[in-house]
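A short worksheet on the structure shown next.
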Protein chains: 2
Amino acid sequence: MANQIITIGRQFGSGGRTIAKKLAERLGIKYYDKELITIAAKESGISPDIFEKVDEEAANSLLYSMVIGMYATSSRITNYGEISINDKIFRVQTEIIEKLAGKEPCVIVGRCADYILRDHPNCINVFIYSNVEERIRRAMEEYNIQSKNIKEFVLKSDKKRANYYNFYTGKKWGAISNYNICLDSGALGIDGCVNILEKLVTDRK
Amino acid sequence: MANQIITIGRQFGSGGRTIAKKLAERLGIKYYDKELITIAAKESGISPDIFEKVDEEAANSLLYSMVIGMYATSSRITNYGEISINDKIFRVQTEIIEKLAGKEPCVIVGRCADYILRDHPNCINVFIYSNVEERIRRAMEEYNIQSKNIKEFVLKSDKKRANYYNFYTGKKWGAISNYNICLDSGALGIDGCVNILEKLVTDRK
């Protein structure tokens, strides 16, 4: 059977990243989140700084497209022709996600991995969410964000992820039909979610 | 701690009813689906035939309202005053669901139970879904529906449930924010869903 892949989409502050990491540890498999940026930057020659800024944001980056020539650290980027930097980054990440999924079992966070791997024969697509109050609490604790506009920040972060996902997949971020299991981390707890996902994966073996 | 209640919303043909029944059996607790109609009919004096027809349908039933006098089998119905038969039935079912949840642990299928029990301190809200092809297959197998318009029938059944839910709760049927866990029975299997829910409930004890 093909490598077991688990993709995890997540609302900002829902703990999706922590759940993904813990799950990968328990299953003894690789975990990719921000790591994808490092790999993609290395493979594409696009500066990691640019990657970080554009990562999971939809195409509104004329500025980035204009300055890309200044930051590209190799000539590979020119292979992508006259498309926006966002599209370039999406293509690079798509190639990398496909390659990683073909290599070994892993957990991949965000970056439309559920959509990119839609034809993969052994992929479980997960979405982690929670009510906004719980996510604010987590964001303040986990990321040390103390802004008085924290609610706006959390919701704006979701909106960016939704725009990115909807733009590149033509589907609706957070709609059940895109995922095989959706978990409310506020009600079930971080470890509760990890336990459920671990059982799901091990039961399939 | 208050009684453990599990509410299960479900797309038509997703196997939600079967999952609910199996889960209740494994946990050794009561299960209510169509049983609610029998109880509600008995307690309200509204004919079970009327109940069956109006159950989980939104208020479009002028006809039922007009004929209710002919079918009511007791005078209790007059307590509800000049409201539609759908509203009467929703109120009766609300009272019964609240009473059942206060009495003992149970699994309740559909009928906006997640919303009705929104202030219950120990309630897990579940939604079961699947892709439409899988649901058509199940509907043909489980309910022996062989119509050539089966897809239309499945989607129309969902629409009725959605209208009912949205009308009485002001929320969107099948949107993750209403539930604590959403499971794709097509990908995870009926027993796979039961296993996950059983683990979720037993881990909380």
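The values are calculated or read from the model by the stated rules, or taken from the named source; none is laboratory data. What you see is a predicted model, and the numbers here were worked out from it, not measured in a lab. Note: ideal-geometry Cβ built from the backbone for every residue, glycine included; neighbour counts use all protein chains shown. SASA here: full protein model, heavy atoms, side chains in, ligands and nucleic acids out. Shrake-Rupley method; radii C 1.70, N 1.55, O 1.52, S 1.80 Å.
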So which residues in the stretch A:98-109 are closer than 20 Å to A:THR18 by Cα and either of a type in the set (A, V, I, L, M) or open to solvent by less than 10 Å² (accessible area, probe 1.4 Å) (or both), if there are any at all? A:CYS106, A:VAL107, A:ILE108, A:VAL109
Among the residues of the stretch A:16-32, what is the count of those that are open to solvent by less than 10 Å² (accessible area, probe 1.4 Å) and over 16 Å from A:LYS199 (Cα atoms)? 1
If we ask which residues in the stretch B:120-141 are within 18 Å of the chain's Cα centre (by Cα) and either open to solvent by 60 Å² or more (accessible area, probe 1.4 Å) or within 14 Å of another protein chain (Cβ to nearest Cβ) (or both), their number turns out to be 10
Quick check: anything in the stretch B:59-75 part of a helix (DSSP H, G or I), modelled with pLDDT of 80 or more and surrounded by fewer than 20 Cβ atoms within 10 Å (Cβ to Cβ)? no
Positions within the stretch A:193-203 being more than 8 Å from chain B (Cβ to nearest Cβ) and open to solvent by 40 Å² or more (accessible area, probe 1.4 Å), in sequence order: A:GLU198, A:THR202
Only listed residue being more than 10 Å from every other protein chain (Cβ to nearest Cβ), touching a Phe, Trp or Tyr at 6+ places or on another chain (Cβ under 9 Å) and under 24 Å from B:ASP184 (Cα atoms), chosen from A:ILE108, A:ILE96: A:ILE108
Filter the stretch B:160-183 down to the residues that are open to solvent by 40 Å² or more (accessible area, probe 1.4 Å) and of a type in the set (Phe, Trp, Tyr), then identify the one that is farthest from B:PHE90 (Cα to Cα). B:TRP173
A:SER147: open to solvent by 10 Å² or more (accessible area, probe 1.4 Å), among the hydroxyl-bearing types (Ser, Thr, Tyr) and within 11 Å of chain B (Cβ to nearest Cβ), yes or no? no
Kindly indicate the residue of the stretch A:153-192 that is facing another protein chain (nearest Cβ under 9 Å) and touching a Ser or Thr at 6+ places or on another chain (Cβ under 7 Å) and also modelled with the lowest pLDDT among those meeting that condition. A:GLY186
Given the residues A:SER147, A:SER157, which is the only one that is touching a residue at least 24 places away in the same chain (Cβ under 8 Å) and small (Gly, Ala, Ser)? A:SER157
Give the residue, chosen from A:ALA40, A:ALA24, that is assigned to a helix (DSSP H, G or I) and under 14 Å from the mean Cα position of the chain (by Cα). A:ALA40
Given the structure, is B:ARG204 closer than 19 Å to B:GLU56 by Cβ, out of contact with any Lys or Arg (no Cβ under 8 Å at 6 or more places or on another chain), of a type in the set (Lys, Arg) and in contact (Cβ under 8 Å) with a residue 60 or more places away in the chain? no
Select from the stretch A:1-14 the residues that are open to solvent by less than 10 Å² (accessible area, probe 1.4 Å) and assigned to a loop (DSSP other than H, G, I, E, B) and list them in ascending order. A:GLY13, A:SER14
Can you tell me which residue within the stretch B:165-205, out of those that are among the aromatic types (Phe, Trp, Tyr) and in a loop (DSSP other than H, G, I, E, B), is farthest from the chain's Cα centre (by Cα)? B:TYR179
From the list A:TYR80, A:TYR115, which one is at pLDDT 95 or above and either open to solvent by 20 Å² or more (accessible area, probe 1.4 Å) or under 18 Å from the mean Cα position of the chain (by Cα) (or both)? A:TYR115
Would you mind finding the one in B:GLY102, B:GLY15, B:GLY28, B:GLY110 that is in contact with a Cys (Cβ under 9 Å, 6 or more places away or on another chain) and modelled with pLDDT of 90 or more? B:GLY15
From the list B:LYS22, B:LYS53, B:LYS42, which residue is modelled with pLDDT of 90 or more and either within 29 Å of B:ASN144 (Cα to Cα) or not aromatic (Phe, Trp, Tyr) (or both)? B:LYS22
